[in-house]
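Contents: one structure, followed by commentary.
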Amino acid sequence: MFYVYSCGSNGRFQLGDGSDEDLNQLKRVFESKVRPVKVVCGGNHTLILLENGDLYAAGDDTFGQCGIDPETIGGNEQRIEVFSRVPRVDNSPWLDCSAGYEYSIFVNGNQQLFSAGFGLKGELGLGEKVGRSTKLTKIDTNFESKIIEVRSCLDHTVILLENHEVYGWGNGR
């Protein structure tokens, strides 16, 4: 069995322990029979990618940044209090993910990029005029090589391709 522990700020349930209380000691918040290969943290949300391509999210999902349609959560507070599975697109496993402040980027087994969340500086990768996407939205790409890795920060994303080319979008001042 594999375990993920967390501690720290938890005002929007981003630690996935079912409460919004800050944790000043490590607490087990996730367990799986499948090995976690990546944990990424946004402004108030967290993603856990497993070796089998399953992806789990917890925290603020107001803008869909957890990859889970906020309409399926219900209520005024759009939050995921414990780690919940992010649905696959076309039944394709997730290969990679990254998180910015209020958005996330996802790569599936079909080498498709998706974004969800909020960002006014192009960080969603959906064009200058798209600042919000509450559902997983495909980013229009046509790379000649496979996506190896995706990384995001506050308001920008960079991807590395197998042929060593690097692409990025968002705030690049």
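The values are calculated or read from the model by the stated rules, or taken from the named source; none is laboratory data. The structure presented is a predicted model; accordingly, all values stated were derived computationally and were not measured. Here the Cβ positions follow ideal geometry from the backbone for every residue, glycine too, while neighbour counts run over all protein chains shown. Note: areas computed on protein heavy atoms with side chains; ligands, DNA, RNA excluded. Shrake-Rupley method; radii C 1.70, N 1.55, O 1.52, S 1.80 Å.
Name, by its number, the condition in (1) at pLDDT 95 or above; (2) out of contact with any Ser or Thr (no Cβ under 6 Å at 6 or more places or on another chain); (3) of a type outside the set (S, T, Y); (4) open to solvent by 20 Å² or more (accessible area, probe 1.4 Å) that does not hold for I147.
(4)
Return the residues of the range 143-171 that are of a type outside the set (S, T, Y) and either part of a loop (DSSP other than H, G, I, E, B) or on the phi > 0 side of the Ramachandran plot (or both); say none if nothing qualifies.
Step one: filter the range 143-171 for residues of a type outside the set (S, T, Y), giving 143-144, 146-151, 153-156, 158-166, 168-171.
Of everything in the range 143-171, those that are of a type outside the set (S, T, Y) and either part of a loop (DSSP other than H, G, I, E, B) or on the phi > 0 side of the Ramachandran plot (or both) turn out to be F143, E144, K146, C153, L154, D155, E162, N163, H164, E165, G170, N171.
Taking the range 115-127, which residues are surrounded by 23 or more Cβ atoms within 10 Å (Cβ to Cβ) and within 25 Å of S6 (Cβ to Cβ)?
From the range 115-127, those surrounded by 23 or more Cβ atoms within 10 Å (Cβ to Cβ) are 115-117, 119, 123-125; that's our starting set.
Result: S115, A116, G117, G119, E123.
Every residue in the range 46-97 that is of a type in the set (G, A, S), closer than 21 Å to F30 by Cα and part of a strand (DSSP E or B), please.
Listed by number, the residues that qualify are A57, A58, G59, S84.
Would you check which residues across the range 1-37 are over 16 Å from L50 (Cβ atoms), acidic (D, E) and outside any loop (DSSP other than H, G, I, E, B) and list them?
The answer is D17, and nothing else.
For N110, only one of the following conditions fails: (1) under 23 Å from A58 (Cβ atoms); (2) modelled with pLDDT of 95 or more; (3) in a loop (DSSP other than H, G, I, E, B). What is its number?
Against the list (1) under 23 Å from A58 (Cβ atoms); (2) modelled with pLDDT of 95 or more; (3) in a loop (DSSP other than H, G, I, E, B), N110 comes up short only on (1).
If you check D17 against the conditions, is it among the acidic types (D, E), out of contact with any Phe, Trp or Tyr (no Cβ under 8 Å at 6 or more places or on another chain), buried (at least 20 other Cβ atoms within 10 Å of the Cβ) and within 21 Å of L113 (Cα to Cα)?
Details: among the acidic types (D, E): yes; out of contact with any Phe, Trp or Tyr (no Cβ under 8 Å at 6 or more places or on another chain): yes; buried (at least 20 other Cβ atoms within 10 Å of the Cβ): yes; within 21 Å of L113 (Cα to Cα): no.
It is false that D17 is among the acidic types (D, E), out of contact with any Phe, Trp or Tyr (no Cβ under 8 Å at 6 or more places or on another chain), buried (at least 20 other Cβ atoms within 10 Å of the Cβ) and within 21 Å of L113 (Cα to Cα).
This table checks each residue for (1) more than 20 Å from R151 (Cα to Cα); (2) open to solvent by less than 20 Å² (accessible area, probe 1.4 Å); (3) not hydrophobic (A, V, I, L, M, F, W, C).
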{"position": "L26", "(1), (2), (3)": "yes, no, no"}
{"position": "V34", "(1), (2), (3)": "yes, no, no"}
{"position": "V39", "(1), (2), (3)": "no, no, no"}
{"position": "I48", "(1), (2), (3)": "no, yes, no"}
{"position": "L55", "(1), (2), (3)": "no, yes, no"}
{"position": "A58", "(1), (2), (3)": "no, yes, no"}
{"position": "Q65", "(1), (2), (3)": "no, yes, yes"}
{"position": "Q78", "(1), (2), (3)": "yes, no, yes"}
